[in-house]
Amino acid sequence: MASATSLPPLDHAQASLRRYAGEYPAHAHAHAQVLVGLEGCLQLELDGHAAFVDAASALIVPAGVAHAFLAETPARVLVLDAPPGPALERVRRFAPPPAWKVLPAQALDAQAALATLQGTATLLPRRRLDLAALAAAVAAAPAQDWSTPRLAALACLSPQRFHARFVELAGQPPAAWVRARRLDAAERLLRAGLSLDAAALQVGYATASALAYALRRERGVGARGLRRPK
C-alpha cells in the first residue's frame, strides 16, 4: 500500500536538487512532481507500471499517483514540486529543455519552467541504457576491445541505436568515453607505482609511448608526474 505524505498542499511551484541511492517505498502526495534526470538512472514504479528517469529524460508524476523509487547506483535528480495543473494531469516522459540543467536548482524559476511543459517532446518507450553497468564492465577489463558494437550487444541494442542513445546520455561518443575510462585506470595504476609499460599493457594501449601521448593530449599530464615518489 502506498502511504501519503503529511506535507501541506503547495500553493506555488518550487525546485530542489535531490540525490537518490537505494530503494524508496511507494508513496503518494497531493502535489504533482516533475523529475528531471541529471546523473545516473532513477527507476520508478507508478501505480504498478515501470518507468525510469535518466540524464536525457524527465517524468511527470501527477498528484495522487503512487510511486516507488530505486537507484541501483546514486542518481541526481532535479525535482519540481507543483500544485496540480492542466500540464501535470497524466504520467508523461519527455525531453527536458537544456536550460533546465544549466542553472543550479535553487536558481531555476520553477513556475516559468513548468509553463514551458506543453512545448516539450514526449519520449516514446525505450530500453533503459545502464551506463553504470557498462562502466563496471570496462573497468573490470580495460584492455579488451570495447568497440561500439560490443558495447551495444551488452545493452541489447543495435550499434546505431546504441550510439545515438549513448551520446544523448553521456554527451560524448562511446569511443571517447571508453578512452576516458582507460586513462582514468592508467592514472590510478601510475599513481600506485606501476611502470608506464605495465600500465599501458593493462589498460589497452599498444605501447608506453602511445599511453604517454594520450595522457599529455587528453589530460595535460606526464606519466612521470603521476608516479608515486619512491
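Kindly provide the helix-only [θ] at 222 nm of the chain, computed as the sum of -39,500 (n - 2.57) over DSSP H runs of four or more divided by all residues, to the nearest 500 deg cm²/dmol?
Details: 8 runs with 77 residues, N = 230.
Value at 222 nm, helices only: -9500 deg cm²/dmol.
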message = Can you classify the range 72-130 as rounded, prolate or oblate using the Cα gyration tensor, where a ≥ b ≥ c are the square roots of its eigenvalues, rounded means a/c under 1.5, and otherwise it's prolate if a/b beats b/c and oblate if not?
response = oblate
request  = With a point put 7 Å past each Cα toward its Cβ, work out how far GLU72 is from VAL91 in nm, to one decimal.
outcome  = 2.0
task = Quick one: compute the contact order of the range 151-230, relative version, from alpha carbon pairs under 8 angstrom and 6+ residues apart, as a percent.
result = 21
key: Principal-axis tilt of helix 131-140 within the chain, Cα atoms, nearest 10 degrees   = 20
note = Yeah, the range 81-230 with a ≥ b ≥ c from its alpha-carbon gyration tensor (a/c under 1.5 is rounded, else prolate when a/b outruns b/c, oblate otherwise) is prolate
note = Honestly the range 151-198 on the Cα gyration tensor test (a ≥ b ≥ c root eigenvalues; a/c under 1.5 rounded, otherwise a/b vs b/c for prolate or oblate) is just prolate
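Defining a contact as two alpha carbons under 8 Å apart and six or more residues distant in sequence, what relative contact order in percent does the range 114-203 show?
Values: 56 pairs, mean separation 24.4, N = 90.
Relative contact order here is 27 percent.
Return a whole-number percent for the relative contact order of the range 57-141, with Cα pairs under 8 Å and 6 or more residues apart as the contact set. Walk me through the intermediate numbers first.
Working: 50 pairs, mean separation 30.5, N = 85.
Computed value for the range 57-141: 36 percent relative contact order.
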request  = Filter the trypsin sites (Lys or Arg not before Pro) in the range 1-97 to those in DSSP coil with at most 13 other Cβ atoms within 10 Å of their Cβ, and list the result.
outcome  = ARG90
ask   = In nm, to one decimal, how far is the modelled label at ARG127 from the one at GLU168, with both set 7 Å along Cα→Cβ?
value = 1.3
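Of all beta bridges DSSP finds with both residues in the range 1-139, what is the antiparallel percent, to the nearest 5? Intermediate results must be reported in sequence, preceding the final value.
Working: 35 of 37 bridges.
For the range 1-139, the DSSP antiparallel bridge percentage is about 95.
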inquiry  = Could you tell me the calculated FRET efficiency between VAL221 and SER16, based on Cβ-Cβ distance and R0 = 41 angstrom, to the nearest 0.05?
reply    = 0.65
request  = Give the accessible area for HIS12 in Å² (nearest 10); use a 1.4 Å probe, count only protein heavy atoms, and leave out ligands, DNA and RNA.
outcome  = 100
task = Rounded to the nearest 10 degrees, what's the angle between the helix 208-219 long axis and the longest principal axis of the chain, both from Cα atoms, 0 to 90?
result = 40
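The values are calculated or read from the model by the stated rules, or taken from the named source; none is laboratory data. Quick caveat, the model's predicted, so the values are computed rather than measured. Note: ideal-geometry Cβ built from the backbone for every residue, glycine included; neighbour counts use all protein chains shown. Quick note on the areas: whole protein, heavy atoms, side chains included, nothing else; ligands and nucleic acids left out. Shrake-Rupley method; radii C 1.70, N 1.55, O 1.52, S 1.80 Å.
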